[in-house]
Amino acid sequence: MATNGHSVPASHTHELAEDRSAAPQAMRVEELSRLLNKLLEAERAGAKVLAAFLDDYERDTPAWRQLVAVQRDEATNCAILIDLNPTRERRRTEPRDWRFFR
């Protein structure tokens, strides 16, 4: 497969920017908000699934502790994504807002 010196197949080289020194265009606020909301949706789903999955493990086993750590990371990422979203109302997130967080 010819790649024209790129790691992209020749049939897709037209998708590469001709001027790599050009500054990337900033995302519109609405576009950024939609992206952050999609990421938030995925993080919330992951946190909820892990919270339910934890019930299948004996507490305080190595696997359970690892899953708890991952689930907490998911919940933390949710809070970060909420804070980053420019169209969300700013308010302090209370723990009761995170029903999936153990």
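Cβ contacts < 7 Å: first residue touching a residue at least 60 places away in the same chain (Cβ under 8 Å), restricted to the stretch 30-51; second residue part of a helix (DSSP H, G or I) and buried (at least 19 other Cβ atoms within 10 Å of the Cβ), any location; separation 6+ or different chain. Result?
Going by the 7 Å Cβ cut-off, there are no qualifying pairs.
Under the condition of being at pLDDT below 90 and within 24 Å of residue 30 (Cα to Cα), which residue from the stretch 76-102 is surrounded by the most Cβ atoms within 10 Å (Cβ to Cβ)? Give the steps one after another, and end with the answer.
The initial filter retains those residues of the stretch 76-102 that are at pLDDT below 90, namely 86-102.
Next, only the ones that are within 24 Å of residue 30 (Cα to Cα) stay: 86-93.
Working: 86: 9, 87: 11, 88: 14, 89: 6, 90: 7, 91: 8, 92: 5, 93: 11.
Out of the qualifying residues, it is 88.
Whether any residue in the stretch 50-66 is in a loop (DSSP other than H, G, I, E, B) and either at pLDDT below 85 or within 23 Å of residue 88 (Cα to Cα) (or both) is what I want to check.
We begin by selecting, within the stretch 50-66, every residue in a loop (DSSP other than H, G, I, E, B); these are 55-61.
Then keep just the ones that are either at pLDDT below 85 or within 23 Å of residue 88 (Cα to Cα) (or both); that gives none.
The answer is no; no qualifying residue exists.
Across the stretch 56-69, what is the total count of residues that are within 19 Å of residue 42 (Cβ to Cβ) and surrounded by 13 or more Cβ atoms within 10 Å (Cβ to Cβ)?
So the count comes out to 1.
The values are calculated or read from the model by the stated rules, or taken from the named source; none is laboratory data. This is a predicted model, so every value here is computed, not measured. All Cβ positions, even for glycine, are placed from backbone atoms using ideal geometry, and neighbour counts span all protein chains on display.
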